[in-house]
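To start, the structure under review is shown below, and the notes come after it.
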Amino acid sequence: MCNRATVVAATVAEAVDSLGGWIFDRTAAGCETLVLVPGSGDTRALEILGATAIDLGDALTHAEWATGLDVLAAAADMYLADARIREAFRARRDRAAQQTYLWGRGPAVEFGDGFALVNTYQVSLAGQAFKRAALDAAGVSPGPHSAAEMLWADHGHR
């Protein structure tokens, strides 16, 4: 059971498009889910999914921003762009109870050897419906319908 999850994304639309069903299903199961995005734009799409938007810049100024999270999922490009995000991932490596994921583009050499496990999440029917509504709120045209969302799991964490 997840109590706290944080998703790091470049935009609200990116988070909803890539992980909207996963975010909804976690929040529907009682997990407090935060989505860290730069700036303070329109966050209605995340509210539809039950998540709370937090300004990424504000969150990362706190040294302990990732402490106590059960789940941390970051867009691969954000992981590569910010040393504070990479450090949070490294700090979680030895904690088997904490799930750590990358999403977006597939794992590459620059991620290190830890992100080779694929975790294909099957979104619930409710998650699919709420994701469609959130995509509409974010102004994103839904692509081909898929009930699966892909994350790259940290080595040993699924």
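Taken one residue at a time, the phi angles of the stretch 80-88 give Karplus couplings (6.51, -1.76, 1.60, θ = phi - 60°) of 6, 7, 10, 4, 5, 6, 4, 5, 4 Hz. Gly and Pro are set to x. Here the stretch 45-99 is described by how far its Cα atoms reach on the three principal axes: 34, 25, 21 Å, from widest to narrowest. Here the simple spin-label model places points 7 Å from the Cα toward Cβ, and for VAL118 and ARG44 these points are separated by 3.6 nm.
Sorting GLU149, GLU87, GLU64 on solvent-accessible area from highest to lowest, probe radius 1.4 Å, gives GLU64, GLU87, GLU149. Convex hull volume of the Cα atoms of the stretch 3-90, normalised per residue: 81 Å³. Proximity of backbone amide H atoms, modeled 1.01 Å from N, is registered between VAL8 and LEU36, ALA73, ALA74, ALA75 at under 5 Å, excluding neighbours fewer than 5 places apart on the same chain. Distance from the alpha carbon centroid of the stretch 71-87 to that of the stretch 19-56 works out to 17 angstrom.
The values are calculated or read from the model by the stated rules, or taken from the named source; none is laboratory data. Computed from a prediction, not measured in an experiment: that's the story for all the values here. Cβ sites come from the backbone with ideal geometry, for glycine too, and all protein chains shown count toward neighbours. Quick note on the areas: whole protein, heavy atoms, side chains included, nothing else; ligands and nucleic acids left out. Shrake-Rupley method; radii C 1.70, N 1.55, O 1.52, S 1.80 Å.
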